[in-house]
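Read the structure below first, then the notes.
The values are calculated or read from the model by the stated rules, or taken from the named source; none is laboratory data. Source: prediction; values computed, not measured. Glycine gets a Cβ as well: all are built from the backbone with ideal geometry, and neighbour counts include every protein chain shown.
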Amino acid sequence: MKQSFKIFMTVAEELSIVKAAKRSFVTQQCVSDHIKRLEEEYGVLLFNRKPHLSLTEAGEVMFQYLRSTKILESNMERTLQEMSADRKGSFTVGLSTSRAQIILPLVLPKYYELFPEVEVSFYVNDTVILEKCLMDGSIDLFLGVNASHNPAFHTMPIISDKIQLIISEHLFQQHFGSKMLSEFYSGVDLTAFSGVPFSLYYETGAMNVIIRQHLSDCGISLEKTPYHISDCDTHILLCSSGLCAALIPKMLSLRVHEHNAKCSPGQRIHIFPVKSFHYPLRVELIWHKNITQPFYVKVFCELIDEAANQLMKK
């Protein structure tokens, strides 16, 4: 990509000549000259200068095309590198903190045996943020939950996850005593738990959306929700302390099983399926539709698929 295009993209991202100059290690005058030449070359105004710097409609079009070009160039470089260097290369994967902690220990030992020369970087965030990162080319693919149906994305389905309720033995005894335990193992109606304190998720998270939808559709009100956390492991730790119950994906319940294997009966965490929870929890690997993934990325995806399905059987 020629220098003028690179500088244009930097200005479009920063919407500041000063910041773009600093990022590009050039003078402000140099940045202005590059933008002016592009506007003269294409005969359009790319930026509104007043009342503050912003992209024009033509500028938006150029920015979207150049962003796609940048991603294609990056893919071409990786593919050519693979052809010339056998099993060497690099790529960046996005995923949530909780899934990283559960899946990567299962995947990376096997992957390293196959591709010791491949560098893999991981970027941790919620799906809605990872979608934006994929679009701007800062990651190559991501493991997402209920990602948007973007026509620019290629989607590889991994699993359809399920929601489970977790509650400590101590908190369960406080609210239910010894009754209902065997019945709840076959499924719970969240109405019965309306007075139990719960930890919930951040508004941006996919889990928050489907849980709120279920509560709304079923007319259920959870009266005490003092904590809002994005990390599933923290939900489990709070639950184990007896502070609150939580709703977690089955795929991430490994930590609960590990806790129960080590604790005394009085510290056990119960896991109950949730009745009438029909909202999809799609776990998918997603990358750009026009990208041809190198062999070492394809194998990584296969190992993720294998590990996720293994977790669902536990």
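At-a-glance table
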quantity	calculated
Qualifying residue in region 247-265 (condition: touching a strand residue (DSSP E or B) at 6+ places or on another chain (Cβ under 7 Å) and either closer than 30 Å to residue 67 by Cβ or without any contact (Cβ under 8 Å) to a residue 12 or more places away in the chain (or both))	yes
Any chance residue 4 is surrounded by 13 or more Cβ atoms within 10 Å (Cβ to Cβ), at pLDDT below 90 and either in a helix (DSSP H, G or I) or more than 36 Å from the chain's Cα centre (by Cα) (or both)	yes
Unique match (being outside any strand (DSSP E or B), among the β-branched types (Val, Ile, Thr) and either closer than 28 Å to residue 217 by Cα or within 24 Å of the chain's Cα centre (by Cα) (or both)) among 271, 248, 304, 286	304
Subset of region 289-301 [in contact with a strand residue (DSSP E or B) (Cβ under 8 Å, 6 or more places away or on another chain) and either in a helix (DSSP H, G or I) or of a type in the set (Val, Ile, Thr) (or both)]	291, 296, 297, 300, 301
One residue from 159, 102, 129 being modelled with pLDDT under 95, part of a helix (DSSP H, G or I), under 20 Å from residue 306 (Cβ atoms) and not hydroxyl-bearing (Ser, Thr, Tyr)	102
Tally of residues being within 18 Å of residue 20 (Cα to Cα), touching a residue at least 40 places away in the same chain (Cβ under 8 Å) and outside any strand (DSSP E or B) across region 33-83	7
First in region 205-229 and closer than 16 Å to residue 165 by Cβ, second anywhere and of a type in the set (D, E, K, R), Cβ under 9 Å, 6 or more apart	212/203; 218/189; 220/189
Unique match (being within 30 Å of residue 231 (Cβ to Cβ), outside the structural domain of residue 251 (by TED's automatic domain parsing) and surrounded by 14 or more Cβ atoms within 10 Å (Cβ to Cβ)) among 44, 11, 31, 93	93
Residue 220, sole failed condition from (1) assigned to a loop (DSSP other than H, G, I, E, B); (2) hydrophobic (A, V, I, L, M, F, W, C); (3) surrounded by 18 or more Cβ atoms within 10 Å (Cβ to Cβ)	(3)
Of the criteria (1) under 28 Å from residue 147 (Cα atoms); (2) at pLDDT 90 or above, which one residue 186 fails	(1)
